[in-house]
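Here the structure comes first, spelled out in structure tokens, and everything after it is commentary.
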Amino acid sequence: MHVFVTGGTGTIGTAVVAELIDHGHTVVGLARSERSARALESAGATSIPGDISDLEALRAGASEADGVISLAFGSDYSTADALEASIAQESLAMSTLGAALIDTDKPFVVVSGTPWIPSRPSVESDPLPAEGPAAGRALSVEAALALSSRGVRSSAVRMPRTVHEEGQGGFAGLLTDAARTAGVVGYPGDGTQRWPAVHARDAAALFRLALEKAPGGSSWHAVADEGDAVADIAAVIGRRLGLPVAQVPDDTFGPFGVIFATDQPSSSAHTRAALGWTPQHPSLLADLENLRP
Ligand SMILES: NC(=O)c1ccc[n+]([C@@H]2O[C@H](COP(=O)([O-])OP(=O)(O)OC[C@H]3O[C@@H](n4cnc5c(N)ncnc54)[C@H](OP(=O)(O)O)[C@@H]3O)[C@@H](O)[C@H]2O)c1
């Protein structure tokens, strides 16, 4: 397939582009800078210049491709306003990409997040959260999945809290980044709350499987580790960076504090059985051993 990818230079997107090319697909990536265009080209892809606010570039990329994977998202999570602006930008981009695919039966794979359900691991049939700082992203995903009734083979690949590569990325990566600045590995909540995780290359394999064979309107869990206690994650980060570990107020992490403090294990049993997905790369706690001071 010839696949249009947004966010193809990020932690997940880099792995997705490599996975697609390794499995015989061709990739064209949206590139908002010369640097990103060069990264895509050195990975064996081609590129279209543009930002995800550039709706003409999105329409052109989607209509010329056999399938689309949407991953781009602004990375400023520091304030509620910044997060809201990124959600609005992503929402418009996703609706533009989806509209370009109506009545084509082409696959449209969007990124989402695993939901959290009190007292049990979440499963693929659970709804996305309707409230909280990222609720707007859930609406965009639901709109994309609803396009399955309009001739789009849309599917959502739900990410756990940490998608990691070489010990970096995701919520664990945010703890690491904050620790480097603060000189202490601060974690919110009481530390017993669990975050699920996946290696970026395992997540990439699931994006490819969804592109190739997920039915329209389906959701999948890219979960390799059902849930690691946050205190255990912080302990490895502290040991690798040579820093002390301490509990901190939830609002240390801005609008994400409340999510950081929530216990949110997640299952991928259905995804593994239905799509034949088998994670093969290191767990989060093992991958964090790659961190350097
Ligand atoms: N990593 C995780 O643990 C995790 C967990 C749950 C969900 N997710 C979601 O998965 C997706 C990918 O995550 P990631 O960790 O790979 O993200 P990332 O490393 O921050 O990369 C973001 C990607 O989006 C691109 N991008 C950002 N703003 C853009 C814009 N305005 N126009 C065009 N491109 C833009 C970036 O391009 P440049 O390279 O040019 O900056 C980059 O390719 C995101 O939607 C993220 O929210 C990630």
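The values are calculated or read from the model by the stated rules, or taken from the named source; none is laboratory data. All figures in this text were calculated on a predicted structure; none of them were measured in a lab. We place every Cβ from the backbone using ideal geometry, glycine too, and count neighbours over all the protein chains shown.
Filter the range 211-238 for residues that are part of a strand (DSSP E or B) and out of contact with any helix residue (DSSP H, G or I) (no Cβ under 6 Å at 6 or more places or on another chain); which is surrounded by the most Cβ atoms within 10 Å (Cβ to Cβ)?
Applying the first criterion (part of a strand (DSSP E or B)) to the range 211-238 yields 218-221, 225-229.
Next, only the ones that are out of contact with any helix residue (DSSP H, G or I) (no Cβ under 6 Å at 6 or more places or on another chain) stay: 218-219, 226-227, 229.
On the way: 218: 20, 219: 25, 226: 17, 227: 19, 229: 18.
Ranking the candidates gives 219 first.
Are any of the residues in the range 189-208 within 28 Å of residue 252 (Cα to Cα), acidic (Asp, Glu) and touching a Leu at 6+ places or on another chain (Cβ under 7 Å)?
Our first condition is that a residue be within 28 Å of residue 252 (Cα to Cα); within the range 189-208, this holds for 189-200.
Narrowing further to those that are acidic (Asp, Glu): 190.
With touching a Leu at 6+ places or on another chain (Cβ under 7 Å) added as a condition, the list becomes none.
No, the conditions are met nowhere in the range 189-208.
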All positions within the range 171-183 that are more than 9 Å from the ligand (Cβ to nearest atom), of a type in the set (Gly, Ala, Ser) and assigned to a helix (DSSP H, G or I): 178, 179, 182
If you go through the range 128-153, how many residues are within 16 Å of the ligand (Cβ to nearest atom) and basic (Lys, Arg)? 1
Would you mind telling me which numbered condition in (1) of a type in the set (Gly, Ala, Ser); (2) touching a Leu at 6+ places or on another chain (Cβ under 7 Å); (3) closer than 30 Å to residue 108 by Cβ residue 234 fails? (3)
Give me the pairs: first residue in the range 154-170 and near the ligand (Cβ under 9 Å from one of its atoms), second residue among the acidic types (Asp, Glu), beta-carbon distance under 6 Å, and six or more apart or on different chains, which are they? 164/287
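Of the residues that make up the range 111-118, is at least one among the small types (Gly, Ala, Ser) and more than 10 Å from the ligand (Cβ to nearest atom)? Quick ask: steps written out before the conclusion?
Here is the first cut: in the range 111-118, the residues among the small types (Gly, Ala, Ser) are 112-113.
Now narrow it down to the ones that are more than 10 Å from the ligand (Cβ to nearest atom): none.
The answer is no, given that none of the residues of the range 111-118 is among the small types (Gly, Ala, Ser) and more than 10 Å from the ligand (Cβ to nearest atom).
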Could you grab me the full set of residues in the range 254-289 that are over 16 Å from residue 228 (Cβ atoms), modelled with pLDDT of 95 or more and of a type outside the set (D, E, K, R)? 269, 270, 271, 273, 274, 275, 276, 277, 278, 280
Restricting to the range 114-166, give me the number of residues that are out of contact with any Gly (no Cβ under 9 Å at 6 or more places or on another chain) and part of a helix (DSSP H, G or I). 5
Selection count where residues are of a type outside the set (A, V, I, L, M, F, W, C) and over 17 Å from residue 136 (Cβ atoms), scope the range 96-113: 5
Run down 130, 179, 134 and say which single residue is more than 24 Å from residue 291 (Cβ to Cβ), small (Gly, Ala, Ser) and in contact (Cβ under 8 Å) with a residue 12 or more places away in the chain. 134
Any residue at all in the range 239-254 that's farther than 30 Å from residue 79 by Cβ and outside any helix (DSSP H, G or I)? yes
